[in-house]
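Shown next, in structure tokens, is the structure this report addresses.
The values are calculated or read from the model by the stated rules, or taken from the named source; none is laboratory data. Keep in mind the model is a prediction, meaning the values are calculated, not measured. Reconstructed Cβ throughout: ideal geometry from the backbone, glycine too, with neighbour counts over all protein chains shown.
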Ligand SMILES: [Zn+2]
């Protein structure tokens, strides 16, 4: 793993923390952060490949061990999969 990949993963985690902060603390946060989540998902698939579920899974690793919790939610399944209701 290159240092640059590690740096990219670290940046994605920091950005996700910001996104989640706004989603929790602002009434319009989920709406405002939707585009940022989309960009995070695109960036994660660039770094980790199309199977990466970040930001839904929180792990930023290519071998995704943490699955998002079960239940109905919007999930990102990569640029070709798009958003899906699960
Ligand atoms: Zn993951």
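Number of residues in segment 18-42 that are surrounded by 13 or more Cβ atoms within 10 Å (Cβ to Cβ) and over 15 Å from residue 77 (Cβ atoms): the value is 11. When 37, 11, 51 are screened for being in a helix (DSSP H, G or I), under 19 Å from residue 83 (Cβ atoms), within 16 Å of the ligand (Cβ to nearest atom) and in contact with a helix residue (DSSP H, G or I) (Cβ under 9 Å, 6 or more places away or on another chain), only 37 passes.
Mind listing whichever residues of segment 59-77 are closer than 19 Å to residue 23 by Cβ and at pLDDT below 85? Selection gives 66, 68, 69, 71, 72, 73, 74, 75, 76.
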